[in-house]
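Just below is one structure, and these are the notes that go with it.
The values are calculated or read from the model by the stated rules, or taken from the named source; none is laboratory data. All figures in this text were calculated on a predicted structure; none of them were measured in a lab. In this analysis, Cβ positions are derived from the backbone assuming ideal geometry, glycine residues included, and neighbour counts consider all displayed protein chains.
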Amino acid sequence: MARVASELGFTTMSLYRHVANKDELLQLMWDASTFGAEQLVLEGDGWRAKLLMWATIQRDVLDRHPWITKMPMAAPPLGPNSLHFVERGLGAFDGTGLPDTDRLRVLGLISSYTLSEARMAYDAARAMQQALAASAEAGQSGALTPPPSFEMLLRELIDERTYPHLYRLAWASGAAQTSEPADERAEFLLGLDRILDGVQVLIDQTR
């Protein structure tokens, strides 16, 4: 709080006229990250397209504000912008017959997945930045080589007898043989599609 006050040019005590403590400040920051949710209109034909838009908007917010992935999340955010965002997500299910409790559970599942993917992407990007900084400090020139793919690492580490499934994966036709990083966004959308497939099953069961 003292550092925040210093950067704003105020005393620490003056901050406490507006927020009770650091936790409240973080909650307000979290809520501010979804500013404009009240005007959000989910577009698309049917619940799936709307929920896909809802999830990708959430992911975009996390990518713009990666500090959110480091916040303690013992409870969902309850600020007005956050509640509007959840309200829009619940409304995406209109016409499906899915009960409100199941709608909220699905939104929680999608949010947990999105948060996890964003956190891993942020951690990977930060690790690369740290490696670049260390390389520059050591006086090394040229571009930093990206980390090897999972399949390439497996080829160096495992034997077929002990890890038959991983071995087959590592040497399968089409397995990544270069150090080029995977398309993280495409991987995120692939996982999201699988979750939405499961939601369709839930909707069908409800009907």
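Is it the case that some residue within segment 59-70 is among the hydrophobic types (A, V, I, L, M, F, W, C), surrounded by fewer than 17 Cβ atoms within 10 Å (Cβ to Cβ) and farther than 24 Å from residue 119 by Cα?
no
I'd like to verify a number: residues in segment 85-106 that are surrounded by fewer than 18 Cβ atoms within 10 Å (Cβ to Cβ) and of a type outside the set (D, E, K, R), how many?
7
What about residue 69, is it part of a helix (DSSP H, G or I) and in contact with a Lys or Arg (Cβ under 7 Å, 6 or more places away or on another chain)? Break it down stepwise before answering.
Values: part of a helix (DSSP H, G or I): yes; in contact with a Lys or Arg (Cβ under 7 Å, 6 or more places away or on another chain): yes.
It is true that residue 69 is part of a helix (DSSP H, G or I) and in contact with a Lys or Arg (Cβ under 7 Å, 6 or more places away or on another chain).
So that you can scan it fast, the table gives a plain yes or no per residue for (1) free of Cβ contacts under 8 Å to residues at least 12 places away in the same chain; (2) part of a helix (DSSP H, G or I):
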{"site": "20", "(1), (2)": "yes, no"}
{"site": "31", "(1), (2)": "no, yes"}
{"site": "77", "(1), (2)": "no, no"}
{"site": "85", "(1), (2)": "no, yes"}
{"site": "111", "(1), (2)": "no, yes"}
{"site": "118", "(1), (2)": "no, yes"}
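Regarding residue 97, is this residue in contact (Cβ under 8 Å) with a residue 60 or more places away in the chain and more than 18 Å from residue 195 (Cα to Cα)?
Yes.
Any idea which of (1) among the polar types (S, T, N, Q); (2) at pLDDT 80 or above; (3) closer than 30 Å to residue 56 by Cβ; (4) assigned to a loop (DSSP other than H, G, I, E, B) is the one residue 162 doesn't satisfy?
With (1) among the polar types (S, T, N, Q); (2) at pLDDT 80 or above; (3) closer than 30 Å to residue 56 by Cβ; (4) assigned to a loop (DSSP other than H, G, I, E, B) applied to residue 162, the lone miss is (3).
Find the residue count for segment 1-35, including only residues that are small (Gly, Ala, Ser) and surrounded by 13 or more Cβ atoms within 10 Å (Cβ to Cβ).
The total comes to 2.
Can you name the residue in segment 46-58 that is among the aliphatic types (A, V, I, L, M) and either farther than 25 Å from residue 126 by Cβ or surrounded by fewer than 14 Cβ atoms within 10 Å (Cβ to Cβ) (or both) and, of all such residues, is farthest from the chain's Cα centre (by Cα)?
So in segment 46-58, the residues among the aliphatic types (A, V, I, L, M) come out as 49, 51-53, 55, 57.
In the following step, the residues that additionally are either farther than 25 Å from residue 126 by Cβ or surrounded by fewer than 14 Cβ atoms within 10 Å (Cβ to Cβ) (or both) were identified as 49, 51-53.
Details: 49: 19, 51: 15, 52: 14, 53: 14 Å.
Per the criteria, the residue is 49.
Test of understanding: among 43, 38, which residue is touching a Pro at 6+ places or on another chain (Cβ under 9 Å) and either surrounded by fewer than 18 Cβ atoms within 10 Å (Cβ to Cβ) or within 13 Å of residue 114 (Cβ to Cβ) (or both)?
38
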